[in-house]
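Notes to accompany the following structure.
Nothing in this text is a laboratory measurement; each read-out follows from the coordinates by a stated rule. Given the structure is predicted, the values throughout are model-derived calculations rather than measurements. Backbone-built Cβ (ideal geometry, glycine too); neighbour counts: all protein chains shown.
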Amino acid sequence: MIYLDLDGVLVDLVPELCKALGFDIKNWSAGEYNVSKVFHMEHQFIWNYTNEAFWAELPWTADGKQILEACWRAVGHRNVCIATTSAEYAFFGKQQWIERELPWFWAHRQFVFTESKKLLAHDGAVLIDDCDDNVNMFRKAGGKAILVPRWWNSAWGQADGALEIVVQEMAGE
């Protein structure tokens, strides 16, 4: 089973959040995941700038559709599940996004909202995520995890792009 993260892997959250806050994305420190540090604001204050519509209207990442297709090719549709956080400020917007952009997942209820992705870890489970902490905790809990290179994580700067890394890692399964 592949658990595929939404924000930062399929959905281009960070650039849209920067726009909403009037922050120049070029000022984002490479390798820094903590948005409070990046924006010099309290965590809750940042998310107050978002609403249901913000989350529902987020665009795909440039490689999101290809990452999803690579997962489907590797293990089939029924063995891929969206795994995303369930914070109250984003919950209903994310549901709308999944329903509109991923109707197959919506129709088959193949998505999980959780604050702790490590609970999904087991032998044979793979998490594809952009957060170092999620990846590390998933691995410690007994699953395999692939860190998608994004400029806010430790994989940034790897020679291969996100799609290539996912394809290579999935081929090694």
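Worth a mention:
- Annotation: amide H of Ala155 within the under-5 Å range of Arg150, sequence separation 5 or more or interchain, hydrogens built in the peptide plane.
- Long-range HN-HN contacts of Ala145 with modeled amide H, under 5 Å: Leu127
- Taking the number of Cβ atoms within 10 Å of each Cβ as an exposure proxy, the fewest-first ranking of Phe92, Phe45 is Phe45, Phe92.
- Fluctuation leader among Asp133, Asp63, Asp123 - the chain, Gaussian network, Cα springs under 10 angstrom: Asp123
- The GluC sites (Glu not before Pro) of region 86-132 that meet both conditions, a loop assignment by DSSP and at most 16 other Cβ atoms within 10 Å of the site Cβ, are Glu88, Glu115.
- Amide H contacts under 5 Å for Phe111, placed H, 5+ residues apart: Ile82
- Straight-distance candidates among the lysines for linking to Lys19, with alpha-carbon spacing under 21 Å and chain neighbours fewer than 8 residues away dropped: Lys37, Lys94.
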